[in-house]
Amino acid sequence: MAELFKENLSLEKISALGASIAEQGVDYDIEFDQARFQQKLTDYCNEQGEEDWQLLSLMQRLRAGAQALHFTMPEEKGADIVVAALQGNEKLSGWLSLVCCEYIGIHKALNLSQGLQYLQQLTEFFSAEFAIRHFILKQPEESLAILTTWLEHDNHHVRRLVSEGTRPRLPWGVRLSIFIEQPELVMPLLTALRDDDEEYVRRSVANHLNDIAKDHPQLVIETAQQWLAAEALELLSKSQKKQRTKLVRHACRTLFKQGEPEVMALFGYMPADDVTCSLSSKNKRVPFSGEFEFELVLDKNTAKNNLLMVDYVVHFQKANGKQAPKVFKWLNRSFNTTVNEKISKKHSFKKITTRTYYSGAHKLEVIVNGIKKAQIEFELLEG
């Protein structure tokens, strides 16, 4: 996914950021050295062992821009100039603002209060979720104290930063080991934001809980049960109840994939004892970049009401000859009669940037309400 986004931080766009900051520096009686800025971008490439900017990853480009600013901007007024440049040019909002946030994060002259104050302003242009980690890693408890004062901030980007910035396993971000080990430190923040008016904020809370579930599944199971308990919902409006349920369901997505019985039961997915399945395929030798087509026969032999979640798991061949499972969502249906149904599905092996395919033995399993019901083996041929 990062590959898809990194062109938002192309060399041309980061150079334009430097030009805009140079214009803003005039108001502060500062002469911005554009040539030095460009040279520092090149130096970073060389330090990473790359000769071409195109070979740098998203996060490398982000750090390159921030370091170039760090070596070019004056220490005393640099942060003010960067904020003013963003506020004065709408074209710099979005991905380029991440560079400015990262610059604040590595600014050695700023104390915690100053740094977070600048990031509070900058996050309104996109997000300071990566940069804020520099401060949290150094002073976690003090950072949480400041973030607590942002819980009712008027701007939803700031409120979201409270959750997103403290996610222990934020994709592409530095891991926050203290919150991996002690998730209870951030739970009061997530609880305060769970019914936020903005979906953007609630989605972050759900993603944060999903991070926690990877290390502390029981804590998230208990939190889900508490947040959806009747007494916890009784004071909410109909729309708020729907929003809370949606948040918790998304927060539990890893636990759903793992078939956690308590999570399944919380959302009405009981053990499907009356369901049997079989799998078949007309072609178990799949061409590279082709599709594996399979057919599921689902047989439900009682009339009792069942809510069924049907997923499938592909065990992909790895470079070392072992297999690695990946869960894919498939069906989510309610049945209140006996059923004998045939369902066809195709899984594509077309080349994508987020996965490398290896030829050899593969396996596909069908999971119903968290329980394996059938499996089939097939082979991916060499390209």
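Quick notes on this structure:
- Here the range 116-200 has an Rg and Dmax of 11.7, 32 Å, counting Cα atoms alone.
- Dimensions (Å) - the range 275-380, Cα atoms, principal axes, largest first: 46, 24, 21
- Two-decimal Rg/Rh across the range 213-267, once Rg and the Kirkwood Rh are taken from alpha-carbon atoms: 0.98
- Computed FRET value (nearest 0.05) for residue 54 with residue 16, which takes r as the C-beta separation and R₀ as 22 Å: 0.80
- With 30 Å as the limit, the listed pairs 91/257; 238/372; 241/304 have 91/257; 238/372 beyond it between alpha carbons.
- Estimated [θ] at 222 nm from DSSP helical runs (n ≥ 4, -39500 (n - 2.57)) normalised by residues in the chain, nearest 500: -13000 deg cm²/dmol
- For the range 219-324, the Kirkwood estimate of hydrodynamic radius, built from reciprocal distances between every pair of different alpha carbons, is 17.3 Å.
- Those residues of the range 338-354 whose amide nitrogen sits under 13 Å from the label point placed on residue 297, 7 Å along Cα→Cβ: 340-343
- Highest-first arrangement of 78-90, 33-45, where packing means the average Cβ count within 10 Å: 78-90, 33-45
- Rounded to 5, percent antiparallel among DSSP beta bridges of the chain: 95 percent
- Antiparallel %, DSSP beta bridges [both residues in the range 275-380], to 5: 95 percent
- A viscosity of 1.306 mPa s and a temperature of 10 °C, combined with the Kirkwood radius over C-alpha pairs in the Stokes-Einstein formula, give the range 29-147 a diffusion coefficient of 108 µm²/s.
- Of the peptides 48-57, 104-113, the order by per-residue mean of other Cβ atoms within 10 Å, starting with the highest, comes out as 104-113, 48-57.
- Full-stretch length increase - residue 337, residue 241 - with 0.36 nm per residue and alpha-carbon distance subtracted: 31.6 nm
- Extension gain, residue 148 to residue 91, is 17.4 nm, computed as 0.36 nm per intervening residue step minus the present C-alpha separation.
- Taking only the C-alpha atoms of the chain, Rg followed by Dmax gives 25.1, 80 Å.
- FRET efficiency for the residue 262 to residue 323 pair, using the beta carbon distance and R₀ = 35 Å, is estimated at 0.80.
Computed from the coordinates by the stated procedures, all read-outs in this text should not be read as laboratory data. What you are looking at is a predicted structure, and each value in this text was computed from that prediction instead of being measured. Here Cβ is always computed from backbone atoms with ideal geometry, including for glycine, and neighbour counts include all displayed protein chains.
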